[in-house]
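Read the structure below first, then the notes.
Coordinate-derived values only; no laboratory data. These numbers were taken from a predicted model, which means no experiment stands behind them. All Cβ positions, even for glycine, are placed from backbone atoms using ideal geometry, and neighbour counts span all protein chains on display.
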Ligand code: ADP
Ligand code: MG
């Protein structure tokens, strides 16, 4: 065995203990150690996505593991993309990072791609992974890499408007097609899908339609919350889903809500969906918002100073579409008047956008405020952690969500790591009871948090 192989094996063996099986298989297994020169260790990885992900998530564990194995404190890591497996159309930037330009995606595309109805501009490469969309991103990527052999079927991504659902599911299709142009992919919005079904039933050609769907490797249906209103076709829908599923086709769906929240949705469809993976996208945190703003500006060759980026990121926390809207608004001014934008000018241009958005309080924001108030990481509120302090913070957050928002306890439970609605009601009632009993500590605490909420939403 060569020296490089030995290092690679030891490296993988050691790093395995830090990660779960899925993460290991997706991110570490395909990595190869291809060179060690002095203190520089070079890894070959299948794609740019691997580089981004490893740099973002595993940098320190990579460094620590290599230092241990090689007994050298000053290791640095280099990544090379395996040109046989990375099919992205790349242009190198000065920084050495690789970006895929959306317009390049059109090049060389032939009829089968057109038939997919996919929007080529949505790729994994131009999607910023961060707090709020990490699980959805990773599961989408796993599905994209294993279309004919996925563990998640169907994959359903749900979450608020403008948070990247359409982008992610389109990225699955684009990735799959780029790697295998023979792949048969179909993207539809749910209203078109339902319209087709109704039409085919009417024309008595539903069997042909089913046979057609059966020829597809990947079927993406966007915005299935609209299924609810078209209940006539629901029965047929259930059979069609079974049919596609049984013939090995991958199904990917998006919805604005968790299927449990779509009350009119057929129960059999709900349980069919639950047999796959249901994952959500939540509004991005500050750091992710800033990264998205930078990317969106860069995509249109627009340079934004850091103070302006942070101003937008601090003040627009609703969804990504709004962040994009802010960048476009500034760009419009810049290109129209051919003038550099100062921070004061930016504030003036974005004034309307910001005041009208500030009134929007949501579950995510309450979680942010409560986690900050208790000085505990936000994800502990969502995870199963049961320490006394976390449980209390979680109960407070649930109480505030039930009293400050119009959301149902079911939807609140979903945002707290898919907890039952009864858990939410129970927690909220506990806090309410303490308040009713005029428990001084609880009263003071809720009062203080409400102040922060009011300040942040006025
Ligand atoms: P949804 O389908 O959830 O309503 P979209 O996928 O249409 O949202 O996203 C709205 C816009 O925001 C799109 O232009 C998309 O490219 C962009 N977007 C959303 N999330 C991200 C992200 N994490 N990184 C980059 N762009 C994003
Ligand atoms: Mg959408």
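Per-structure values
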{"item": "Rh (Kirkwood; distinct C-alpha pairs) - the stretch 189-272, Å", "result": "12.9 Å"}
{"item": "Cβ-based exposure ranking for 37, 392, 299, in which fewest neighbours within 10 Å come first", "result": "37, 299, 392"}
{"item": "Computed helical MRE - 222 nm, the chain, DSSP H runs ≥ 4 contributing -39500 (n - 2.57), nearest 500", "result": "-16500 deg cm²/dmol"}
{"item": "Segment residue 274-residue 298, length gained on full extension (0.36 nm per residue, minus Cα span)", "result": "4.8 nm"}
{"item": "Modelled FRET efficiency - R0 25 Å, residue 74 with residue 17, Cβ distances, 0.05 increments", "result": "0.55"}
{"item": "At 1.306 mPa s and 10 °C, Stokes diffusion of the stretch 228-301 via Kirkwood alpha-carbon radius, µm² per second", "result": "105 µm²/s"}
{"item": "FRET efficiency, residue 450 to residue 425 (Cβ-Cβ, R0 22 Å, nearest 0.05)", "result": "0.60"}
{"item": "Whether the stretch 143-240 is rounded, prolate or oblate, judged on the alpha carbon gyration tensor where a/c under 1.5 counts as rounded", "result": "oblate"}
{"item": "Which of 76, 23, 2 has the fewest Cβ neighbours within 10 Å, and the rest in rising order", "result": "2, 76, 23"}
{"item": "Calculated over the chain: convex hull of Cα atoms, volume per residue (Å³)", "result": "186 Å³"}
{"item": "Rg/Rh ratio calculated on Cα atoms of the stretch 110-168 (Kirkwood radius)", "result": "0.98"}
{"item": "Share of Cα-Cα pairs in the stretch 299-458 lying beyond 29 Å, as whole percent", "result": "33 percent"}
{"item": "Distance in nm between pseudo-label sites at residue 60 and residue 204 (7 Å out along the Cβ direction from Cα)", "result": "6.9 nm"}
{"item": "Gained length - residue 435 relative to residue 195, 0.36 nm times residue gap less alpha-carbon distance", "result": "81.2 nm"}
{"item": "For the chain, share of DSSP beta bridges that run antiparallel, in % to the nearest 5", "result": "25 percent"}
{"item": "Order of 234, 398, 275 - criterion: other Cβ atoms within 10 Å of each residue's Cβ, fewest first", "result": "275, 234, 398"}
